[in-house]
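Laboratory data are not the source of any read-out in this text; all were calculated from the coordinates shown. Everything quoted here is computed from the prediction, not taken from an experiment. Using ideal geometry, Cβ is built from the backbone for each residue, glycine included, and neighbour counts are taken over all protein chains shown.
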Amino acid sequence: MAKLQVAIDLLKIEDAIALAKKVAPYIDIIELGTPLIKSEGLSGIRKMKDAFPDKLVLADFKTADAGELEANMAFGAGADYVTILGTTGDSTIAGAVKAAKEHGKGVVVDTIGVKDRVKRAKEAIALGAAFVELHAGLDEQAEEGYSIQVLIDEAARAGVPVSIAGGVNMNSIAAVKQSGVVVAVAGAAIYGAENPAEAAKALKEILNA
């Protein structure tokens with residue numbers, strides 16, 4: 001059964017924790033988005049994990065170098081997962097995986113900016129990543145003609161554990177689930193909703209159906 005991940009791109013950890021409290025019953029993974037990480041640092045990860053010790057916490061570092069060092073930083077602060085950029089070299093991913101094994105945690109390779117996401121996903125899993133995020137960033141989503149269907153088709157072809165991030169909402173969640181993802185990542189569909197708890201609940205119910 002696919003997990004539901006909430007990507008929190010707020011800038012204050014207090015606001016992020018307040019949101020997480022509303023949606024926690026329906027969420028499996030709480031992601032501290034890159035803007036939140038840059039704003040709050042490692043203390044933000046610690047505060048989130050302290051507030052939700054029973055939830056998986058993902059630190060969206062988008063690491064491009066010093067994989068082992070930065071992964072150790074994230075895991076030491078309480079993160080269960082850390083993201084490494086798929087556009088970086090294999091040695092950076094391998095270094096992060098080494099740290100993950102030592103901590104009993106996981107590396108997620110983020111394919112934002114990767115041209116051949118399916119190929120890189122297979123390579124990243126072979127390097128030891130827990131799963132690969134097929135990711136269209138906010139800028140890509142804003143481009144004319146963007147459709148999440150591209151990611152859905154890639155997930156169905158990948159044949160390795162992947163998540164989808166980039167327009168997961170009530171209109172797309174059923175197709176995202178059908179593609180075989182291990183994680184569906186929803187951001188604005190939850191934190192931008194009038195009632196985040198109801199939005200998370202509705203998404204989770206479709207994943208569980």
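Legend: calculated FRET efficiency, Glu14 to Lys98, from the Cβ-Cβ distance at R0 = 41 Å, rounded to 0.05, equals 0.75. Other residues whose C-beta falls under 9 angstrom from the C-beta of Lys55 contribute a net charge of -2, scoring Lys and Arg +1 and Asp and Glu -1. Give Lys38/Lys122; Lys98/Lys122; Lys12/Lys101 a once-over and call out the pairs whose C-alpha atoms are over 21 Å from each other. Checking Cα-Cα distances, Lys38/Lys122; Lys12/Lys101 exceed 21 Å.
Of the trypsin sites (Lys or Arg not before Pro) found in the range 7-71, the ones in coil according to DSSP and having at most 14 other Cβ atoms within 10 Å of their Cβ are Lys12. Here the Karplus curve 6.51 cos²θ - 1.76 cosθ + 1.60, taken at θ = phi - 60°, turns the phi angles of the range 135-152 into couplings of 10, 9, x, 4, 5, 5, 4, 7, 6, 4, x, 4, 9, 5, 4, 4, 5, 4 Hz, with x standing for Gly and Pro.
Evaluated with a Cβ-only charge set (Lys, Arg +1; Asp, Glu -1), the chain carries a dipole of roughly 520 debye about its Cα centre, given to the nearest 20. With neighbour counts taken as other beta-carbon atoms within 10 Å, the residues Met48, Met1 rank, fewest first, as Met1, Met48. Comparing Leu85, Leu151, Leu19 in a Gaussian network model of the chain (Cα springs below 10 Å), the most mobile by mean-square fluctuation is Leu19. Cα centroids of the range 66-145 and the range 146-209: 19 Å apart.
Considering only Gly113, Gly159, Gly192, the mean-square fluctuation computed in a Gaussian network model of the chain, springs between alpha carbons under 10 angstrom, is largest for Gly192.
Pop the C-beta distance of Lys122 and Met170 into the FRET formula with R0 = 25 Å and round what comes out to the nearest 0.05. For R0 = 25 Å, the calculated efficiency reads 0.25.
Sites listed here are trypsin sites (Lys or Arg not before Pro) in the range 116-202 whose DSSP assignment is loop and whose Cβ has at most 11 other Cβ atoms within 10 Å, and the list is empty. Of the residues Pro196, Ile17, Ala51, the one whose Cα sits farthest towards the positive end of the charge dipole of the range 3-208 is Ala51 (charges of +1 on Lys and Arg Cβ, -1 on Asp and Glu Cβ, taken about the Cα centre).
Neighbours of Asp9, meaning other residues whose beta-carbon lies under 10 angstrom from its beta-carbon, give a summed charge of -2 when Lys and Arg score +1 and Asp and Glu score -1. In the chain, excluding the sites themselves, the longest stretch lacking any of the GluC sites (Glu not before Pro) that are in a DSSP loop with at most 14 other Cβ atoms within 10 Å is 1-142.
3J(HN,Hα) along the range 52-58: 9, x, 8, 9, 7, 10, 10 Hz, from the Karplus curve 6.51 cos²θ - 1.76 cosθ + 1.60 with θ = phi - 60°, whole Hz, x for Gly and Pro.
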